Amino acid sequence: MKRKSKGEKVLQRDKLPDYRLMEQIQKGDMVSFNTLVNRYKNRLFNVLVRMLDSAEAAEDILQETFLRVHQHKMSFDFRFAVSTWVYTIALNLARNELRRRKRVQFLDIADFSNRLKAPEEKVDNSSKLRAILDKAVRKLPEKYRQAFILRDIDQMSYEEIAQILSVPLGTVKSRVNRARNMLKNMLKPNMEELYELSKGSVFTLGIF
């Protein structure tokens, strides 16, 4: 009988649902683990970047997240979604990092502003719009920022977010609505510019 190549095994794993991947991961299958990592790493990285305002920190947390997923694979509870478990680990690590920053350093406002400035080179409207919105999102208090990013940027359901944040469903909806209102108020001075930039842009958020 012909043995399956590594490429064929990867293709087979790509078609498996998360819980089947976890079953294989618990048996020590690294192909399944790498498939799970590839399935979530980009989405998770985008969430972490917006939470931490640092690609380097986001990458570190991302690696630590999947390290812990592998280390604690046998403790996974199949009553819950794999995505919920992975996001919970990542956001707990991100919260710890944010608390550590508050203890050891103060944010250099001048440096922060400089890093947020768009480069002088020509930038398309979609990039400008994203930069303005991301800057506003970073100003949200942590609990509102988390809920908003997971719901309106990562497009997760309210139920999933409630499980990840370990708060009631009503609290999640309240935080998302509160975040949207706060963003509307922050963006009012830029409303005309945002409207012009949004023309023809594929990047939109449900706050207007």
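On the beta carbon distance between GLN26 and ARG130, with R0 = 25 Å, the FRET formula returns roughly 0.05. ASP77 label point, 7 Å along Cα→Cβ, cut-off 17 Å on backbone N: hits in the range 14-46? Residues 19 fall inside that zone.
Beyond 30 Å between alpha-carbons counts as too far, so tell me which of LYS102/LYS135; LYS102/LYS184; LYS41/LYS139; LYS15/LYS139 fall in that bin. The partial results should precede the final answer.
Numbers: LYS102/LYS135 19 Å; LYS102/LYS184 27 Å; LYS41/LYS139 25 Å; LYS15/LYS139 39 Å.
LYS15/LYS139, as the Cα separations exceed 30 Å there.
None of the figures in this text is laboratory data; all of them are computed from the coordinates on show. What you see is a predicted model; the values in this text were computed from it and never measured. Don't worry about glycine lacking a Cβ; one is built from the backbone with ideal geometry, like all the others, and counts go over all protein chains shown.
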